[in-house]
Each structure stands twice: as structure tokens, then as C-alpha cells.
Amino acid sequence: MGIARFTIEVCPPFRLDLTVWALRRRPHNTIDAWDGTTYTRTLVADASPVLVAVRQEGGEPEGVRLGVEVRRRGEAPSEAGIGEVRRTLERMLGLGVDLAGFYELAAADERLAGLAGRFRGVRPPRFASVFEALVNAVACQQLSLTVGIHLLDRLAAVYGPEVGLRGAPPGFPAAERLAAAEPPHLRRLGFSVAKARTLIGLARGVVSGTLGLDTLAQADDEHAGAALVALPGIGRWSAEYVVLRGLGRLGVLPGDDVGARNNLRRRFELPASAGYDEVAALAKGWWPYGGLVYFHLLLDALARGGHLEAAAADPPAHGPASPRTLAVQSGTRRPAASALGAGDVA
């Protein structure tokens, strides 16, 4: 077995636990595994699957480090492969995002200050790729987030890359694997006919080169959203979801998200009749951090659902990452909060 280890210095405040929960969204997420101290994910480096385990070492005020261990069968990943893993983690965990402006904004709003203080240190997560964000959006359309995550788990179990190490979670499916599927295959996993066709069509567009998702990074929020809405099966909610979670545009708060609206009504006195325009107007006052507020609302919903036991507590003190194989668990399942349903903050 090949093993490589490295550390990433992170500017505080930072909480790995909160950031991972904002990424995984539900305790039954098997792709983004969390056991209370260690985040585990199967990624691809050197064109082959690797098992990546991340632990937080230290906290404020002495500084934060992430201890990262990368394993795969055979030889250890190359230096280029390690660099690939590092860049992916930096993107997924929002490690390069400066939160100073957000905390200044929150200090001027008592209601926002309460959220920011309770979940201090969460960074805005992103999916590993825009394609992964698109697949997540399609899976969760018109469903509760709980059901959407189950669909994604099944998809990864069948089509995701496998490291071949004991206890390793399945990786997220590459476009090449989904492009080779047929709608009946995805129907057996629980996807509707329309969603199955959409996912396969998106995957085949990526593989053929007719769908250039990488070019979205150069577009502004408006043009990126318009390009996404032009895709078959992608509506306004899905487009804004991808712009936020796939491209990392923190000014975007998906205004059609029913769960977000419910939380905004509860915390920010949004009228019961409020729709997309009212959410957009509220988010405009938080520019350019509406998306970061969205992640705080997600954590608040998770805490109310009993999933986030240590939301208001200090993170546990972690020592250096252990040389042994780090345990992989997906977390303890708990019943979803009754207040959360279709349109959960996703």
C-alpha cells in the first residue's frame, strides 16, 4: 500500500467539522464520510482512485493545520498527484476564502451575528467539480434532501471509483461512467425517467466536449446561470445551486430553495407570501455573502434536526493525523427534522 502525508496551513477561524457538515448535508451521505474527527473521501489522483483522510490539528489562536493522509493500492501517489489532491481539498473546503468581510457584515446585524457566532469557522464548501454539482442538483430536484442524498449514494455505489481498501467510501462517478449508462439503469436506482435522461445527457455532453463546463469559471454569475438554465433539465434553482456550490460564487443565495425560504422566514421575518424576488432582495443586503448565509442556514437546520451535536461547542482538540489507517464512518443516522421536507436547504 502506498501512503503519502502532508499538511495544509489554514488561516483561522476554521472548523473542519462544520465545513464538512455543510458539504455532506445529511448523516447518511456515504460519499463524504465523517466520523466526528476525520473527513474521508475517495478522490482521483494520477488518474487512479485514492483514499484521502483529513483531520484538523489545532485551532484559534495558535493557528490551524489540516493533516492529510493519502492512500492507494500499490505505489504512493506522485508529487503531481499529491498536488492534485491538495488543490481539490482547498477548493472543496473553501480554504482560500477570506471571511473577514462576512464577519464585519454580520456584526452589524444582530440576527445574522447570532448565526455567524454560533457557526464561526465554517467555510463555504464546493463540490469537487462542476459536473458533480450538476449531478447533485438534478438528484435533489423536487425531492427532500434526505431522498436526494440516498439517490446519490446509490449512484456512487454502482458507478463511483473504488480504491480497493477496506472501509473506503465510494467515489463520485466520473462523467465517463455515467455516459455509458442507459436510463433503465438509473431508473433501477430510483431516478425518474426525466432525471435519468438528464444525467446521462449531461455526462455524454461532457465526454464529447459539446458541454464545456470549465468555461463557466470565466463567466460572471448572470451569464453562468443563463448557460446552465439553457441545459435540458436544469431550471433556475439548479442553476443557482451549481453557481454557488460548483463555482463558489458566494453572492448567490438560491431564491427558489423552499428550505432556505422557511429558515429566512423564521430568522429574518421574511413574509409567508415571500417568493423569489423577496429572497433576492434580502440577499442583496448581504452582498457578496448571501451564499455564505445560505450555508449558515443549512447548519442551523442540521442542528435543529439533531445532526450537529457540537454546533455551538468548541471543536475537539486534535493531534497530528495518526499513521494508522484512519477509520471511515458515515456518521450516526438520526431521523430528519419534521420541519425539513421537499426543498430542504441543499
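Laboratory data are not the source of any read-out in this text; all were calculated from the coordinates shown. Since the model is a prediction, treat every value here as computed from it, not as a measurement. Here the Cβ is made from the backbone with ideal geometry for all residues, glycine too, and neighbour counts use every protein chain on show.
Compactness check for the chain: Cα Rg over 2.2 N^0.38 Å is 0.95. Across q = 0.11, 0.14, 0.17, 0.18 Å⁻¹, the range 130-298 modelled as identical point scatterers on its alpha-carbon atoms has Debye log10 I(q)/I(0) values of -0.49, -0.77, -1.06, -1.15, in the order of the q list. Protection proxy ranking of 1-12, 140-151, by the mean of other Cβ atoms within 10 Å over each peptide's residues and highest first, is 140-151, 1-12. Hey, what did the chain get for relative contact order, percent, Cα under 8 Å, at least 6 apart? It comes to 24 percent, rounded to a whole number.
What FRET efficiency would be calculated for the residue pair residue 222, residue 90, taking the C-beta separation as r and a Förster radius of 35 Å, to the nearest 0.05? Once rounded, the FRET efficiency stands at 0.85. Modelled label positions at residue 197 and residue 5, each set 7 Å beyond Cα in the direction of Cβ, lie 5.3 nm from each other. For every other residue with a beta carbon closer than 15 angstrom to the beta carbon of residue 10, add +1 if it is Lys or Arg and -1 if Asp or Glu, then tell me the sum. Neighbour charge sum, excluding residue 10 itself: +1. The magnitude of the dipole of the range 130-298, with charges of +1 and -1 set on the Cβ of Lys/Arg and Asp/Glu and taken from the Cα centre, is near 520 debye.
Which of 273, 208, 192 moves the most in a Gaussian network model of the chain with Cα springs under 10 Å? Ranking 273, 208, 192 by mean-square fluctuation puts 273 first. Between residue 187 and residue 111, the distance separating the two model label sites (each 7 Å from Cα on the Cα→Cβ line) works out to 4.6 nm.
Over the C-alpha trace of the range 146-205, radius of gyration and Dmax come out as 11.6, 36 angstrom. The range 16-51 and the range 218-264 have Cα centres spaced 23 Å apart. Converting the Cα gyration tensor eigenvalues of the range 2-96 into ellipsoid dimensions via √(5λ) gives semi-axes, longest first, of 22, 16, 11 Å. Set against the 2.2 N^0.38 Å expectation for a compact globular protein, the range 187-280 has a Cα radius of gyration ratio of 1.26. A cut-off under 11 angstrom between Cβ atoms defines the neighbours of residue 89, and their net charge, with Lys, Arg +1 and Asp, Glu -1, is +3.
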